[in-house]
Amino acid sequence: MGISTLRSYRGAQIFEAVGLAKDFIDDYFTGTASRINGIGVAEVAREAEMRYKRAYAPAPGVPHLLDAGGQYHFRLGEEKHLWTPETITKLQFATRNNDMKMYKEYAKYINEQAEHLCTLRGLFKFKKAAQPVPIEEVEPASEIMKHFVTGAMSFGSISKEAHETIAIAMNRIGGMSNSGEGGEDPERYIRLPNGDSKCSAVKQIASGRFGVTSEYLASARELQIKIAQGAKPGEGGQLPGHKVDKFVAKVRHSTPGVTLISPPPHHDIYSIEDLAQLIYDLKCSNTDARISVKLVSEVGVGTVAAGVSKGHADMVLISGHDGGTGASPLTSIKHAGLPWELGLAETQQTLVLNYLRDRIRVQADGQMKTGRDIVIGALLGAEEFGFGTTTLVVLGCVMMRKCHSNTCPVGVATQDPELRKRFAGQPEHLINFFRMIAEEAREIMAELGIRKFDDLVGRSDLLEMNKAIDFWKARNLDFSAVFKRPDNPNLPVRRTKAQDHGIDKAYDTVNILPKVQDAIENKKKVTLELPIHNVDRTVGTITSYHVAKKYGNAGLPEDTLTIKFKGSAGQSFGAFLSHGMTFELEGESNDYLGKGLSGGKIIVRPPVNASYNPSENIIVGNVLLYGATDGKIFIYGRAGERFAIRNSGVTAVVEGLGDHGCE
Amino acid sequence: MGNPKGFLEVGRKNPGYRPAEERVKDYNEVETHLSEADLKKQASRCMDCGIPFCHGCGCPVSNVIPEWNDLVYKGFWKEALDILRSTNNFPEFTGRICPALCEASCTVGLNGDAVTIRQIELEIIEKGYKEGYIKPEPPAVRTGKRIAVIGSGPAGLAAADQLNKSGHSVTVFERDLNVGGLLRYGIPDFKLDKKVVQRRVDLMVAEGVTFETGVDVGTDLSAKYLTNRFDAICITTGAKAPRDLKTAGRELEGVHFAMEFLWQQNCRVCGQVFEGENITAKGKKVLVIGGGDTGSDCVGTSNRHGAKAVTQIEIMPEPPETRHPGTPWPLWPYQKRTSSSHKEGCTRMWNIATKSIEGENGKVKRVNAIKVEWELGPTGAPLKMKEIPGSEFVIEADLVLLAMGFTGPEQGGIISQLGLELDQRSNVKVNADWMTSKPGVFAAGDVASGASLVVRAIAAGRKMAENVDKYLGNNK
């Protein structure tokens, strides 16, 4: 949101109303976004009166107690939740015993919300299809399961056991698990003897850049830039010091016991162009991985998603508000973020209308719990679905809401060695869960007459509001804006082609890689001299990828590959440079030099004939070494602002800095 | 939750019982109490779960357990009492005799020993009485509506208490001479001291509830009388029809239903004179048929009578010592339960069926039994039984007590006079609003759901009361 101070919130109108009538908004919250209509003054008054009456009605025989509320802690008869003792028990029983009947009972409670409305999708219903198809003709669950990913929950926030179990399960079913932003122990990149892999397919790159090394990036099938989290947009994240034990600290390249904060913004993203640059940097750091961008459901997200698509991301994730419950501050659990239904619909509509949908996949997450949830998500425009909390519940979470205190009694969200021993989740439980979700989805697809999951995507015309749910406050809701499809039926509504990342035209591909095979393959010393221009971005990163893929963070022996550049380097010069690579630059460099440096060495000096005094002049741009983990950098001259933020291991010599250096 | 790591640092402490050799000599309560300091420590073991399963699926009255645990830990006993009273009319009963479904679903119990919720509940209410927090609080305004509650067991008492506090004028009719139903005449004093029951009854009287005891509605009073005089009728007469043993020798002297035996002892303890044959276990070889709670109460009572030997047999197999995997947390565990009475001395046998009873001179002498085996279901629950040929054996007994459960409400009486529809299990049928087939007549507790726990009866009584209140137009 670009808002960092409290004062900036005032009058900024970044809030969106959900469920308020248009005339009510016009009168009292003029200019505020409100997309699904809803209650007006009469209903507000009625509710106030109800509360008043309740407050003054005598309760038989007991002292007048204030209601418990039940917002954060489940209390019977108070605020409704989808996670109840019953649903948790049923889901855990179903997944542990592979009991589809029990799963159906669980799903029924979640899906049929007539008595306990909790979500917007609880008010949706599928239109009756003219021609249902036999379920045998619907594609098998194993295919549908490939559309599933697990949420970004870092190692550190959750235990090693939980994190690895999720990875194994997802790798088995061909889905993807997400590292979160806590780095990953390189041990996990080694396949287990039984063929399992503990490697998270999705590696997240968040603002903290913890443990983002060249090897971490090279090990991924997807690199995900987390702009924000659905449950707490604009807040960043933090891992309390008591959860940062020795091992967590090692993986994150930090100090045990010290609270780790991921700030709201990325220091290398201040504009959509910066985001495009980071997308390119990451694509170069692992040319085999796809790049995704995690956004949150909020009004205007469609515009941002359009930028993400133009910025050549392969996937955009729209994250709903009700996810991330354990990790969110109390203030955010209830009143920040929006349902994914709204953000997803807006994203789909914007991308389709702007001819941008065919080259990017869309994912949605936020309390995805059942097959019905994912079918609705698909109809509103998503190809993929993320499961966070539900994943943990399957693995034993009982919604203690103690994730922040390191006392999780089931060994899921704790680093306490004693409590970790209690972790009882198995990959099979998760696989059972995903298969049951897929089976439920298949049943719905059969009723809708749709055989292939891809054919669901964007078919919001198959949804309508469930008028049978007669709740007085829901009567004026109008979802037509959410269900709207672009008038032109010929516009692609799902991804049909790949993004052009321009990797084949990249500087590394053309100028470096062909000449350094001997260095990479045989560790032979190679020295090159190359000219460089400011249009040459992210130089050295693709080469580093090849080094990291082969040798990990250890890289090559020192100075195996030395390249002497002359000229003006573009952005992200030497980003994620691997060990054994030495870049000498005579000239100057743009922003992001040495971003995420991973053991490489960078030397920058002004042209020999420079007429200025380097100690008084900036010769490299802003945001150098952001998130760097290892290596050396020597700059004969001054650097710009935000130098070496989140550096966790690089030795740097520089003659002067702008503001915020080394924060 | 004052101490987030309490469950890791403090172990569960049970109050324990008085020494067996001491306690079998009297009828006083066997369980001791934890000190206030201990209880505070025990309360610190509560984890203040995001989803408290104790409250959300364990406790039938939905006690808001985490909140009073926290208050007890911090020393706010009065506040804890207020919250406890908001969900449970009679914590002094459940605090003593509830099997504590809450503890079975306590999240600490998932990987250790559950919080001592029942002890904490008991201490909160007892402290309330001691400190004078519990005093008569009659309703400020009377509605003028009259309600008859028939049967003064836990369901009837809970309904009467709720309805009285809502301002209705409640008359409770009780067939026995004293109030309390099974609380008074079923459960032995050594588990629930009858002074505790009377203390509550006295309080209810002081709050304006009328009790008419020794009145057998249906015999002494007609249904017509009640419907004419009351705006609503609540049937809470329990499910007292005992399951009988249909076998040769059933008619012999010395073969009794458990409830006859327990009823007499409870009369003796509270000084109530009764007619009929005096059933005593003194100097006798006692055989209790039925392995449930009632059977256990017969064991304890027999030992107190001075029985020569006590044997308890059960047709079902012996449950596992710990939670059976077929009933995982937070479900009520299928596992063996050993009561204080069992520990006072008795032989327990499982997988035993009774073939016949034999006697001499019309008096019971022995029981012919046979071993059986069970086919178990996937959850470990016994499904099908068959006798093991050749395993017949004899149990010497001169007192046989039948504690094989209850089949349902006693038929006839007020239920048939009112013409109430019954369900398949012969319970009185009620709709979602707890109303029977006759408008204005409600039913709750064992009479509507079959024999169950005191705490479920209280829960049902409360829910019925809420609906009676609604029916009478007091739905604010």
| field | Which listed residue is of a type in the set (Gly, Ala, Ser), assigned to a helix (DSSP H, G or I) and either open to solvent by 10 Å² or more (accessible area, probe 1.4 Å) or touching a strand residue (DSSP E or B) at 6+ places or on another chain (Cβ under 6 Å) (or both), from A:381, A:386, A:377 | value | A:377
| message | All but one of (1) open to solvent by 30 Å² or more (accessible area, probe 1.4 Å); (2) under 26 Å from residue B:339 (Cβ atoms); (3) out of contact with any Ser or Thr (no Cβ under 9 Å at 6 or more places or on another chain) hold for residue B:90; state the number of the condition that does not hold. | response | (1)
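Each row is one residue, and each column tells you yes or no for (1) assigned by TED's automatic domain parsing to the domain that holds residue B:179; (2) assigned to a loop (DSSP other than H, G, I, E, B); (3) modelled with pLDDT of 95 or more; (4) open to solvent by less than 20 Å² (accessible area, probe 1.4 Å).
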{"residue": "B:260", "(1), (2), (3), (4)": "no, no, yes, no"}
{"residue": "B:277", "(1), (2), (3), (4)": "no, yes, no, no"}
{"residue": "B:297", "(1), (2), (3), (4)": "no, no, yes, yes"}
{"residue": "B:302", "(1), (2), (3), (4)": "no, no, yes, yes"}
{"residue": "B:310", "(1), (2), (3), (4)": "no, no, yes, yes"}
{"residue": "B:319", "(1), (2), (3), (4)": "no, yes, no, no"}
{"residue": "B:328", "(1), (2), (3), (4)": "no, yes, no, no"}
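Check whether at least one residue in the range B:187-199 is within 14 Å of chain A (Cβ to nearest Cβ), touching a residue at least 24 places away in the same chain (Cβ under 8 Å) and in contact with a helix residue (DSSP H, G or I) (Cβ under 7 Å, 6 or more places away or on another chain), and report yes or no. Show your work before the answer.
Taking the range B:187-199 as the starting set, the residues that turn out to be within 14 Å of chain A (Cβ to nearest Cβ) are none.
Within the range B:187-199, not a single residue is within 14 Å of chain A (Cβ to nearest Cβ), touching a residue at least 24 places away in the same chain (Cβ under 8 Å) and in contact with a helix residue (DSSP H, G or I) (Cβ under 7 Å, 6 or more places away or on another chain).
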| request: Just give me the residues in the range B:160-175 being at the interface with chain A (Cβ under 10 Å from one of its Cβ atoms) and either in a helix (DSSP H, G or I) or polar (S, T, N, Q) (or both), in sequence order. | output: B:161, B:162, B:163, B:164, B:165, B:166
| said: Yes or no: the range B:218-236 includes at least one residue that is open to solvent by less than 20 Å² (accessible area, probe 1.4 Å), assigned to a loop (DSSP other than H, G, I, E, B) and closer than 21 Å to residue B:452 by Cα. | reply: yes
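Are any residues in the range A:68-80 open to solvent by 40 Å² or more (accessible area, probe 1.4 Å) and farther than 30 Å from residue B:200 by Cβ, and if so, which ones? Reasoning before the result, please.
Kept after step one, since they are open to solvent by 40 Å² or more (accessible area, probe 1.4 Å), are these residues of the range A:68-80: A:68, A:71-73, A:76-80.
The answer is A:71, A:72, A:73, A:79, A:80.
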| field | Residue ID - nearest to the chain's Cα centre (by Cα), chosen from residues in the range B:71-99 that are within 11 Å of chain A (Cβ to nearest Cβ) and among the charged types (D, E, K, R) | value | B:85
| Candidates A:588, A:584, A:641 - the one that is free of Cβ contacts under 8 Å to residues at least 24 places away in the same chain and outside any loop (DSSP other than H, G, I, E, B) | A:584
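Would you mention how many residues in the range B:143-159 are of a type in the set (D, E, K, R) and either free of Cβ contacts under 8 Å to residues at least 40 places away in the same chain or in a helix (DSSP H, G or I) (or both)? Let's see the steps before the verdict.
Kept after step one, since they are of a type in the set (D, E, K, R), are these residues of the range B:143-159: B:145-146.
Subset that is either free of Cβ contacts under 8 Å to residues at least 40 places away in the same chain or in a helix (DSSP H, G or I) (or both): none.
Of the residues in the range B:143-159, 0 are of a type in the set (D, E, K, R) and either free of Cβ contacts under 8 Å to residues at least 40 places away in the same chain or in a helix (DSSP H, G or I) (or both).
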| The listed residue being open to solvent by less than 20 Å² (accessible area, probe 1.4 Å) and modelled with pLDDT under 95, out of A:311, A:307, A:300, A:241 | A:241
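Regarding residue B:67, is this residue of a type outside the set (Lys, Arg), within 11 Å of another protein chain (Cβ to nearest Cβ) and not in a loop (DSSP other than H, G, I, E, B)?
Working: of a type outside the set (Lys, Arg): yes; within 11 Å of another protein chain (Cβ to nearest Cβ): yes; not in a loop (DSSP other than H, G, I, E, B): yes.
Taking the combined requirement at face value, the residue satisfies it.
What residue, of B:161, B:189, B:202, is under 20 Å from the mean Cα position of the chain (by Cα), farther than 23 Å from residue B:232 by Cβ and at pLDDT 95 or above?
Details: B:161 fails: farther than 23 Å from residue B:232 by Cβ; B:202 fails: under 20 Å from the mean Cα position of the chain (by Cα).
Answer to the selection: B:189.
Filter the range B:109-122 down to the residues that are within 11 Å of chain A (Cβ to nearest Cβ) and either open to solvent by less than 10 Å² (accessible area, probe 1.4 Å) or not in a helix (DSSP H, G or I) (or both) and list them by number. Steps first, answer last, please.
Residues of the range B:109-122 that are within 11 Å of chain A (Cβ to nearest Cβ), as a first pass: B:109-112.
The answer is B:112, and nothing else.
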| request: Run down B:54, B:59, B:98, B:46 and say which single residue is among the hydrophobic types (A, V, I, L, M, F, W, C), crowded, with 22+ Cβ neighbours inside 10 Å, at pLDDT 95 or above and over 28 Å from residue B:296 (Cβ atoms). | output: B:46
| query | How many of the residues in the range B:1-56 are away from chain A (no Cβ under 14 Å), assigned to a helix (DSSP H, G or I), within 21 Å of residue B:69 (Cα to Cα) and charged (D, E, K, R)? | reply | 4
| task | Could you list, in sequence order, all residues of the range B:467-476 that are crowded, with 18+ Cβ neighbours inside 10 Å and touching a helix residue (DSSP H, G or I) at 6+ places or on another chain (Cβ under 8 Å)? | result | B:468, B:469
| First in the range B:213-225 and under 15 Å from residue B:418 (Cβ atoms), second anywhere and part of a loop (DSSP other than H, G, I, E, B), Cβ under 6 Å, 6 or more apart | B:216/B:175; B:223/B:418
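Taking the condition assigned to a loop (DSSP other than H, G, I, E, B), within 32 Å of the chain's Cα centre (by Cα) and more than 12 Å from chain B (Cβ to nearest Cβ), does residue A:13 pass? Outline the logic, then answer.
Values: assigned to a loop (DSSP other than H, G, I, E, B): yes; within 32 Å of the chain's Cα centre (by Cα): yes; more than 12 Å from chain B (Cβ to nearest Cβ): yes.
Yes.
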| Filter result (of a type outside the set (D, E, K, R) and more than 29 Å from the chain's Cα centre (by Cα)) within the range B:1-50 | B:1, B:2, B:3, B:4, B:6, B:7, B:8, B:10, B:37, B:50
| query | Quick check: is even one residue across the range A:49-67 open to solvent by 60 Å² or more (accessible area, probe 1.4 Å), more than 9 Å from chain B (Cβ to nearest Cβ), within 30 Å of residue B:133 (Cα to Cα) and among the acidic types (Asp, Glu)? | reply | yes
| said: Restricting to the range B:60-82, name every residue that is touching a helix residue (DSSP H, G or I) at 6+ places or on another chain (Cβ under 7 Å) and within 13 Å of residue B:134 (Cα to Cα). | reply: B:77, B:79, B:80, B:81
| query | Of the residues that sit in the range B:357-381 and are open to solvent by 80 Å² or more (accessible area, probe 1.4 Å) and farther than 24 Å from residue B:397 by Cβ, which one is modelled with the highest pLDDT? | reply | B:375
| message | Tell me which strands (runs of 3 or more DSSP E) are completely within the range A:81-193 and hold 2 or more residues being without any contact (Cβ under 8 Å) to a residue 12 or more places away in the chain and exposed (fewer than 15 other Cβ atoms within 10 Å of the Cβ), or say none if there are none. | response | none
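The values are calculated or read from the model by the stated rules, or taken from the named source; none is laboratory data. Remember, it's a predicted structure, so these values are computed and weren't measured experimentally. Neighbour counts run over all protein chains shown; Cβ positions are idealised from the backbone, glycine included. Heavy atoms of the whole protein, side chains included, go into the accessibility calculation; ligands, DNA and RNA do not. Shrake-Rupley method; radii C 1.70, N 1.55, O 1.52, S 1.80 Å.
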